[in-house]
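Participant: Mind having a look at this structure? Questions to follow.
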Amino acid sequence: MNDFEQSEVKTTRLALDQTQPLPVAAPSAEEIAWLEQSQAPLPTPPTPTPALQRPRLRRSWHMLASLILSFLILRSLIQNFQIEGTSMEPTMQTKQYVLVNKAIYAHLDLNAPLRLWPGQAELPKKFLYLLHPPERGDIIVFLAPPAAHDLPDKDYIKRVIGVGGDTIKIREGKVWVNEQQLTEDYIGEVDTLCDTHCELVVPEGHVFVMGDNRPFSSDSRRWGPLPLEYVIGKAWFTYWPKERWASY
């Protein structure tokens, strides 16, 4: 580089060194606030909590307990029975399966707390039905009462003919309830014969039941009115064999 070029460079550097800084305006309050906000530390993101994972055995146990509880609840409301015998023919055949609605006759025994008192153990049962008690024409399943000496402690299925307070008369092969002859198309051309409980007033808390196959049925004609405490439920529908499906 020659002397001329060095002089030019020095002049340029001198000119740059002698440059004065431009005046800068003071920041406004809004700019200061924005600057402080922009420099504030960002919030720390929450630490993700690991999901609680139940052991597989515990989940299986809960599922099993739920299934058992559901079964018990369903069993208390609905139960299936298999018909054995011909006492309900032609309406129901032997070996048919029937679902029984147990909830429809749900009731409370109002005298149950009173029987806890000394000297009140023999207090009779007094039922309060949440829906309604058995009614005339209902087909019911019940535990055979002690008076049914032929098959005690067995489940029977019969039709309700009379309820508490009804006057029952069986004469000349026909059934009369409160002086009105029943029209019983479900038994066909069969006479209703009777030799024991043929004329009576059904006591309160009882029903008078008979099978539709009158010549081959052990029922209230033989062992008297049925106490309501033996009633299990009302026949809902038969579901097997499928060709004899029917609701009641």
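Participant: If the limit is 30 Å between Cα atoms, which of LYS158/LYS242; LYS126/LYS158; LYS174/LYS242; LYS174/LYS234; LYS95/LYS125; LYS125/LYS174 go over it?
Facilitator: Working: LYS158/LYS242 22 Å; LYS126/LYS158 23 Å; LYS174/LYS242 33 Å; LYS174/LYS234 25 Å; LYS95/LYS125 35 Å; LYS125/LYS174 33 Å.
In this structure, LYS174/LYS242; LYS95/LYS125; LYS125/LYS174 lie more than 30 Å apart at Cα.
Participant: When a footprinting reagent is the concern and you count Cβ atoms within 10 Å, what order do ASP191, ASP219, ASP155 take, fewest first? List each step's numbers first, then the result.
Facilitator: On the way: ASP191 12, ASP219 21, ASP155 17.
So the residues, fewest neighbours to most, are ASP191, ASP155, ASP219.
Participant: When the chain is fully extended, how far beyond the present Cα-Cα distance does GLU172 get from ALA106, taking 0.36 nm per residue of separation?
Facilitator: Details: separation 66, 0.36 × 66 = 23.76 nm, distance 3.73 nm.
Length gained, GLU172 through ALA106: 20.0 nm.
Participant: Name the GluC sites (Glu not before Pro) in the range 170-238 that are in a loop by DSSP and that have at most 14 other C-beta atoms within 10 Å, would you?
Facilitator: Numbers: sites: GLU172, GLU179, GLU184, GLU189, GLU199, GLU204, GLU229; in loops: GLU172, GLU179, GLU184, GLU189, GLU204.
Passing both the DSSP loop test and the Cβ count: GLU172, GLU179, GLU189, GLU204.
Participant: Let me ask something else. Once a ≥ b ≥ c are taken as the square roots of the eigenvalues of the Cα gyration tensor of the range 206-248, is the result rounded (a/c under 1.5), prolate (a/b larger than b/c) or oblate (a/b not larger than b/c)?
Facilitator: Working: a/c = 3.74, a/b = 1.64, b/c = 2.29.
Note, shape of the range 206-248 comes out oblate.
Participant: Hand me the trypsin sites (Lys or Arg not before Pro) from the range 114-172 located in a DSSP loop with no more than 16 other Cβ atoms within 10 Å, in residue order please. Can you show the working numbers first?
Facilitator: On the way: sites: ARG115, LYS125, LYS126, ARG136, LYS154, LYS158, ARG159, LYS169, ARG171; in loops: LYS125, LYS126, ARG136, LYS154.
When the trypsin sites (Lys or Arg not before Pro) of the range 114-172 are filtered for loop state and at most 16 Cβ neighbours within 10 Å, LYS125, LYS126, ARG136, LYS154 remain.
Participant: Which of the three applies to the range 68-247, rounded, prolate or oblate, going by the alpha-carbon gyration tensor with a ≥ b ≥ c and a/c under 1.5 meaning rounded? Working shown, then result.
Facilitator: Working: a/c = 1.92, a/b = 1.14, b/c = 1.69.
It is oblate, given that a/c is not under 1.5 and a/b is not larger than b/c.
Participant: Could you work out the relative contact order of the range 68-247? I mean the mean sequence separation of Cα pairs under 8 Å and 6+ apart, divided by the number of residues, in percent.
Facilitator: On the way: 379 pairs, mean separation 45.1, N = 180.
The normalised contact order for the range 68-247 reaches 25 percent.
Participant: Further question: Nearest 20 debye, what's the magnitude of the dipole of the range 68-247 about its Cα centre given +1 on Lys and Arg Cβ and -1 on Asp and Glu Cβ?
Facilitator: Values: 19 positive and 23 negative charges, 112 e Å.
It works out to roughly 540 debye.
Participant: Continuing with this model, one more query. Using the Karplus curve 6.51 cos²θ - 1.76 cosθ + 1.60 with θ = phi - 60°, work out ³J(HN,Hα) for each residue of the range 209-217 in order, rounded to whole Hz, and write x for Gly and Pro.
Facilitator: Residue by residue, the range 209-217 yields 10, 8, x, 6, 8, 4, x, 10, 9 Hz.
Just so you know, all these numbers are worked out from the coordinates, no wet-lab data involved. This one's a predicted model, so the numbers in the text were calculated from it and none came from an experiment. Neighbour counts run over all protein chains shown; Cβ positions are idealised from the backbone, glycine included.
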